[in-house]
1. Contact list please: Cβ distance under 9 Å, first residue in region 18-43 and more than 14 Å from Ser5 (Cβ to Cβ), second residue modelled with pLDDT under 95 and of a type outside the set (A, V, I, L, M, F, W, C), pairs at least six apart or on different chains.
2. Restricting attention to region 93-124, and to residues there that are of a type in the set (Ser, Thr, Tyr) and part of a loop (DSSP other than H, G, I, E, B), which single residue is nearest to Val41 (Cα to Cα)?
3. Can you name the residue in region 125-136 that is in contact (Cβ under 8 Å) with a residue 24 or more places away in the chain and not in a helix (DSSP H, G or I) and is also farthest from Lys86 (Cα to Cα) among such residues?
4. From the list Tyr89, Tyr115, which residue is at pLDDT 95 or above, out of contact with any strand residue (DSSP E or B) (no Cβ under 6 Å at 6 or more places or on another chain) and either under 14 Å from Ile2 (Cβ atoms) or aromatic (Phe, Trp, Tyr) (or both)?
5. Here are Gln151, Gln137, Gln142, Gln95: which of them is out of contact with any helix residue (DSSP H, G or I) (no Cβ under 9 Å at 6 or more places or on another chain) and not charged (D, E, K, R)?
6. Could you check Gln73 against (1) out of contact with any helix residue (DSSP H, G or I) (no Cβ under 8 Å at 6 or more places or on another chain); (2) in a strand (DSSP E or B) and say which number it fails?
7. Please tell me if Lys123 is over 14 Å from the mean Cα position of the chain (by Cα), closer than 19 Å to Gly56 by Cα and surrounded by fewer than 22 Cβ atoms within 10 Å (Cβ to Cβ).
8. Confirm whether Asn18 is within 26 Å of Gln151 (Cβ to Cβ) and in contact with a Cys (Cβ under 8 Å, 6 or more places away or on another chain).
Amino acid sequence: MIGISACLGGICCRYDGNHQEVVGLTKLIEQNQAIRVCPEVLGGLPIPRDPAEIVGGNGFDVWEGTAHVETNQGEDVTNMFKDGAKRAYEKLQAQGITQLVLKDKSPSCGSQIIYDGTFSGTKVQGVGVATAYFILQGMTVQSEVQWLAQQGGE
């Protein structure tokens, strides 16, 4: 069993109220081989919500206290992102899940690429807040792009 970002599993929980469904991952859910999790929603953020980016680093830096997460309106939502990561981890741990496929470019779930914190659309290498927490807890995280490549692009 694996954990996946809820938006990849067809749930409309992204900041813009949409999803980013990957049909192959949805099939795993239907076959009881995967569960969905959205750290941002578990942290109490609404759907839809203002876009957020990590300012001053990446997810690891947020946990070290040297970076924070803020919306494009300047609201600091760091604690909601951190709380959501912890709640998501508890949910995953209760199911014995240690492997995850998470949505890249997300300030929570990004595992390869995130936005640079300037709201300019600039992407940088880095991980999101939840991904950093999951990795620190010993979980294995890959992006949907990596997962699709392993599946032959399905």
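1. That search, which allows pairs on different chains as well, returns Val23/Glu154.
2. Filtering region 93-124 for residues that are of a type in the set (Ser, Thr, Tyr) and part of a loop (DSSP other than H, G, I, E, B), the one nearest to Val41 (Cα to Cα) comes out as Ser108.
3. Gly126
4. Tyr89
5. That would be Gln95, the only listed residue that is out of contact with any helix residue (DSSP H, G or I) (no Cβ under 9 Å at 6 or more places or on another chain) and not charged (D, E, K, R).
6. Evaluating Gln73 over (1) out of contact with any helix residue (DSSP H, G or I) (no Cβ under 8 Å at 6 or more places or on another chain); (2) in a strand (DSSP E or B) leaves (2) as the failure.
7. yes
8. So Asn18 fits the description; yes.
The values are calculated or read from the model by the stated rules, or taken from the named source; none is laboratory data. Remember, it's a predicted structure, so these values are computed and weren't measured experimentally. Cβ atoms come from the backbone with ideal geometry, glycine included; neighbour counts cover every protein chain shown.
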